[in-house]
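**Q** Questions regarding the structure given below will be posed in turn.
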Amino acid sequence: MPEPAPLWPLALGACSAVTAMGAGLAPLRAALHERRTGLRPCTLEGMPEDIWIGRVPGLEAVAIPAALAGFACRNNRLAELALGTDGFATAVQAARERHGAERIAVVLGTSTAGIEETEQAWRRREPAGGALPTDFDYARTQDLQALPRYVRARLGLRGPAIAVSTACTSGARAMMEAAALIAAGVVDAAVAGGVDTLCRMTLHGFAALELLSRGGPTRPCAVDRDGISIGEGAGLVLLQRPAEAPPGAPLLLGAGASSDGHHMSSPHPEGLGAVTAMRAALDAAGLAPDAIDYVNLHGTGTRANDAMEDRAVHHLFQDRVPCSSTKAWTGHTLGASGAIETLISALCLEDGLVPGCLGAASTDPDFRSAVARDNRDLPGMRRVLSNSFGFGGSNCALLIGGPA
Amino acid sequence: MSLLQCRVDGIGLLGPGLPGWEASLACLAGRASWARGEISAPPPGLLPPTERRRTGLPVRLALAVAAEATAAEPDRAGLETVFASGNGDGAIVGGILEALHDPAGIAISPTAFHNSVHNAPSGYWHIAVGSTAPSVSLGGHDGSFAAGLLVAATAVATRRRPVLFCAYDVPMAPPLDRVRPTGCAFAAALLLRPMGAAGNLLALRYVAAPAEATPAADALDLLAAENPAARALPLLRALAIRREAALQLPLDESAHLALELAPC
């Protein structure tokens, strides 16, 4: 058996983001610079009281092509919006012509796929017997596979379609698996990332765990932080070998994953799993902690996550590397967050920007890592580490670099 | 595409009338007849009692087959894992959907919510064996076993480390069972090792074309169609017979994995 090709680096040959700021990287970039949040008070019906959410404007109006009508649900609308944004579908088309449709995989993360569609169908159940309405298409909406199937069909691709669902690391973990498929020679390129939608199950579930911020937007790393604001969003990348990507494309330099093996919904208090994942990403890229210029934190805004992550980041970087969470802009987009924050990391690299934690009037004085509260210019920024952690003790860290 | 190669070492199995890999060998090899029976999935003894109580059928099935596949492995904690399931935990998801529409008010159990994540069995397994190794959890609808096998074999090939692959599925709760029928509960696990290790040689290739349709020849073939994880049966039967085999495992209506098995 031949030696496998080296995994890293890979290029982000195309990038697309849809967030509460709107469709595209441009509104996200502008909001980061101007310190403008996409979070708003929740006006959706039947949601927990007094919370803020990151809702994608205009999502309900996005059309699914008639030939794929069975896929119509909020999550696939979000994917559709991302495909049409930032020239993403056009870039995939070019890659398809170069490599062949069967040589491009679709590897996408989601925590709940189209379950919002099931929630609507549930309200329309037959009064007698409770059967779901006959027009409800389980396989193409609620099923996790619905997301990569839709994206593959929409892009005319024929490579493997893989649905990754590791809670809030899904989007990051999808990129790692896509990279392995390229390294193993299964495919030459991959559409990877994550898409997750606002739904009642998620919002009420986090409410039941008493992890939602109330009365205002989330305040990651703040001394008075009180929880998460949930958002929806999509982050897509076209992973390619650097020589085959457009010049100047940002690079995925390495990735690392770990399990906590500790508890289903509480992080390991010392951040052991987080440290292991970050170290694995550094090792994959052959880099020492000193090579990192900025850490984009998972930073959900809960008491436990942010304290654990501070300890983990301090363990590896002490107070030498600025770090911050950008979830007060986007909300916690769950299975999309790792992908969206990869794109935010790439924007920060391009602009030499450290986006200070939004909404944290005072950062937690117990934190020992170099948490940035205000935006700061950091010209010459070369490498960013992006963290994602999730329920079930899933951890993933991605290392993003500027073009070679 | 290039061929992915690995060795199949340990195997775990639980299905109706299939109470473990070793216990099912005669039946899978055709030396004994198969009869559908109840599945027994005891609370996982590997877990601490507080965690054990919180586990439902998918977690119990997944942990039972993972434990059987790794029974001879001295370093379970060092194993990377890949979990695959089409349905996830339909009982929990159904229960949450029911609670969300309760006219008396919404009360979701926090335990149900954290158990609703698709990677819950992975989380419990890594707690059970005290493992911080990487793990990924996949969907895949009816092709989840094939998707998981592709991802696990890719991980073995690229990282040159053994990988525990576990596929499991259980029927959904009403009313979801009518829009997503699943005939029985089933789970299978394979401990895959890199080339160089001993064990059955498995080579696989992704093919962007539908699998050839093969009519069911017996009751086990029919069982294979009842549950996404039971689609492991053709491979498990070839492993039990210890004969060279070429198989096609459908990923979906447009693609499959071409498998070649060489026992040793």
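The numbers here are math on the coordinates, done by the rules we state, and not lab data. Note that this is a predicted model, so its numbers are computed, not measured. Every residue, glycine as well, gets a Cβ built from its backbone with ideal geometry; the counts of neighbours run over all protein chains shown.
**Q** What residue among B:L46, B:A35, B:T214 has its Cα farthest toward the positive end of the dipole of chain B, where the charges are +1 on Lys, Arg and -1 on Asp, Glu, each on the Cβ?
**A** Towards the positive end, the residue furthest out is B:L46.
**Q** Next up: Given 20 °C and 1.002 mPa s, compute D for the range A:10-401 with the Stokes-Einstein relation, Rh being the Kirkwood radius over Cα pairs; round to the nearest whole µm²/s.
**A** 105 µm²/s
**Q** Rounded to the nearest 500, what is the protein assembly as shown's calculated 222 nm mean residue ellipticity when only DSSP H runs of at least 4 contribute -39500 (n - 2.57) each, over all residues?
**A** Calculated mean residue ellipticity at 222 nm is -9000 deg cm²/dmol.
**Q** Treating only the Cβ of Lys, Arg, Asp and Glu as charged (+1, +1, -1, -1), what charge dipole size does the range A:128-219 show about its Cα centre? Round to the nearest 20 debye.
**A** 160 debye
**Q** Here's another thing I want to ask about it. Explain nothing, just the number: dipole magnitude of the range A:10-401 about its Cα centre with +1 on each Lys and Arg Cβ and -1 on each Asp and Glu Cβ, in debye rounded to the nearest 20.
**A** Charge dipole of the range A:10-401: 520 debye, to the nearest 20.
**Q** Another question, then. What is the antiparallel percent of DSSP beta bridges lying wholly in the range A:294-404, to the nearest 5?
**A** The answer is about 60 percent antiparallel.
**Q** I'd like the FRET efficiency for A:Q93 and B:A213, computed as 1/(1 + (r/R0)^6) with the beta carbon distance as r and R0 of 25 Å, rounded to 0.05.
**A** 0.15
**Q** To continue, here is another question. Taking one equal scatterer on every alpha-carbon of chain B, how large is log10 of I(q)/I(0) by Debye at q = 0.16 1/Å?
**A** -1.22
**Q** Could you sort A:187-198, B:210-221, B:174-185 so that the peptide with the highest average Cβ count within 10 Å comes first and the rest follow in order?
**A** By packing density, highest mean first, the sequence is A:187-198, B:174-185, B:210-221.
**Q** Need one number: % antiparallel among DSSP beta bridges in chain B, to the nearest 5.
**A** The antiparallel proportion sits near 75 percent.
**Q** With label points built 7 Å along Cα→Cβ from the Cα atoms of B:R242 and A:R36, find their separation and express it in nm.
**A** According to this spin-label approximation, the distance is 7.1 nm.
**Q** In whole Hz, what ³J(HN,Hα) sequence does the range B:235-246 give by Karplus (6.51, -1.76, 1.60; θ = phi - 60°), x for Gly and Pro?
**A** The phi angles translate into 5, 5, 5, 5, 5, 5, 6, 6, 10, 4, 8, 10 Hz.
**Q** Just to verify a number: FRET efficiency for A:A404 and B:A72, C-beta to C-beta distance, R0 = 51 Å, to 0.05?
**A** 0.65
**Q** So if we plug the beta-carbon distance of A:R376 and A:A26 into 1/(1 + (r/R0)^6) with R0 = 25 Å, what FRET efficiency do we get, rounded to 0.05?
**A** The pair A:R376/A:A26 has a calculated efficiency of 0.70.
**Q** Here's another thing I want to ask about it. Any chance you could run the full-extension gain for B:E38 through B:S109? It's 0.36 nm times the residue separation minus the Cα-Cα distance, nm to one decimal.
**A** That works out to 22.7 nm of additional length.
**Q** Just to check I understand the Karplus step: with θ = phi - 60° and J = 6.51 cos²θ - 1.76 cosθ + 1.60, what whole-Hz values come out for the range B:3-16, glycine and proline as x?
**A** Working through the residues one at a time gives 7, 9, 10, 7, 10, 8, 9, x, 9, x, 7, 8, x, x Hz.
**Q** I've got another one for you. If I stretch the segment between A:D224 and A:E350 completely, what's the gain in nm (0.36 nm per residue apart, minus their alpha carbon distance), one decimal?
**A** 42.2 nm
**Q** Continuing with this model, one more query. Please list, in chain and number order, the residues 5+ apart from B:T182 or on another chain whose amide H is under 5 Å from its amide H, with Hs placed from the backbone.
**A** Sorted by chain and number, the residues that satisfy this are B:M172.
**Q** Taking H placed 1.01 Å from N in the peptide plane, check which residues at least 5 places from A:T333 or on another chain put their amide H under 5 Å from its amide H.
**A** A:G231
**Q** Cut-off 10 angstrom, C-alpha nodes, Gaussian network model of chain B. Which of B:A84, B:A209, B:A238 fluctuates the most?
**A** Highest fluctuation among the options: B:A209.
**Q** While we're on this one: For chain B, what's the relative contact order in percent, using C-alpha pairs closer than 8 Å and at least 6 residues apart?
**A** In percent, rounded to a whole number, it is 27.
**Q** When each pair of different Cα atoms in the protein assembly as shown is counted once in the 1/r mean, what is the Kirkwood radius in angstroms, to one decimal?
**A** With all distinct Cα pairs of the protein assembly as shown included, I get 24.4 Å.
**Q** Counting only DSSP beta bridges with both residues in the range A:10-401, tell me the antiparallel percent, nearest 5.
**A** In the range A:10-401, DSSP labels about 65 percent of beta bridges as antiparallel.
**Q** Averaged across B:239-246, how many Cβ atoms of other chains sit within 10 Å of each residue's Cβ atom?
**A** Average per residue, whole number: 0.
**Q** Label-point separation (nm) for A:R125 and B:R205, each offset 7 Å from Cα along Cα-to-Cβ?
**A** Distance between the two pseudo-spin positions: 4.8 nm.
**Q** Taking amide H atoms as placed 1.01 Å from N in the peptide plane, list the residues 5 or more away in sequence, or in a different chain, whose amide H sits under 5 Å from that of A:L212.
**A** A:I228
**Q** Among A:P57, A:V321, A:S369, whose Cα sits farthest toward the positive end of the charge dipole of the range A:10-401 (+1 at Cβ of Lys/Arg, -1 at Cβ of Asp/Glu, about the Cα centre)?
**A** Farthest towards the positive end: A:P57.
**Q** Quick one: Karplus J couplings for the range A:205-213, per residue in order, coefficients 6.51, -1.76, 1.60, θ = phi - 60°, nearest Hz, x for Gly and Pro?
**A** x, 5, 5, 4, 7, 6, 10, 8, 6
**Q** Suppose every Lys and Arg Cβ carries +1 and every Asp and Glu Cβ carries -1, with no other charges. What dipole size does the protein assembly as shown come out with about its Cα centre, to the nearest 20 debye?
**A** That gives the protein assembly as shown a dipole magnitude of about 560 debye.
**Q** Can you give me the distance in nm between label points at B:A262 and A:A139, each placed 7 Å from the Cα along the Cα-to-Cβ direction?
**A** 3.6 nm
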